[in-house]
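Every number here is computed from the coordinates shown, using simple stated rules; none is lab data. Here the structure is a predicted model, which is why all the values come from computation and not from measurement. When we count neighbours, we look across all protein chains shown, and the Cβ atoms used for this are built from the backbone with ideal geometry, even at glycine.
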Amino acid sequence: MKTHPQTNKPEHAVQKSCSNAFIPLREATKYCDYSQEYLSLRARQGKLRAIKIGRDWLTKKEWIKEYNQRVRSYTKNKKEVVQQTSKKQSLQEKRQKDNKGGTKKLKAFLFRRF
């Protein structure tokens, strides 16, 4: 069985503990499509779970995964809302067009000279 050179623990045990370890945001960029600066902004805003030690923000792989899932679900929901809104707007526009013709005819009828 292979052991880790620094800890003398089995490698699989070290890998498990490392997956739960804190990583700097520059390394976290490997696990998502965002830059270090953007992740830092989201950490300052409280949107990304992270801790600040000195000048550096640290997070965990699992926290990055959670953030990615929240962003994906928000984006999916937003697309659905936009689609529903555009359907409602097109119906409203159609109704307005239909009413404009009727309004013109009504005004012409009401204001015609006898």
Quiz prompt | Ascending count of other beta-carbon atoms within 10 Å, so fewest first, for Tyr34, Tyr67 | solution = Tyr34, Tyr67
Exercise. Report the label-to-label distance for Gln84 and Gln69 in nanometres (one decimal), using points 7 Å from each Cα along the Cα→Cβ vector.
Key: 2.3
Exercise. Return the loop-located trypsin sites (Lys or Arg not before Pro) in the stretch 45-83 (DSSP other than H, G, I, E, B) with at most 12 other Cβ atoms within 10 Å of their own Cβ; answer none if there are none.
Key: Arg55
Practice problem: At 0.36 nm per residue, minus the direct Cα-Cα distance, what do Gln92 and Asn20 gain on full extension? Give it in nm, one decimal, please. | Solution: 20.7 nm
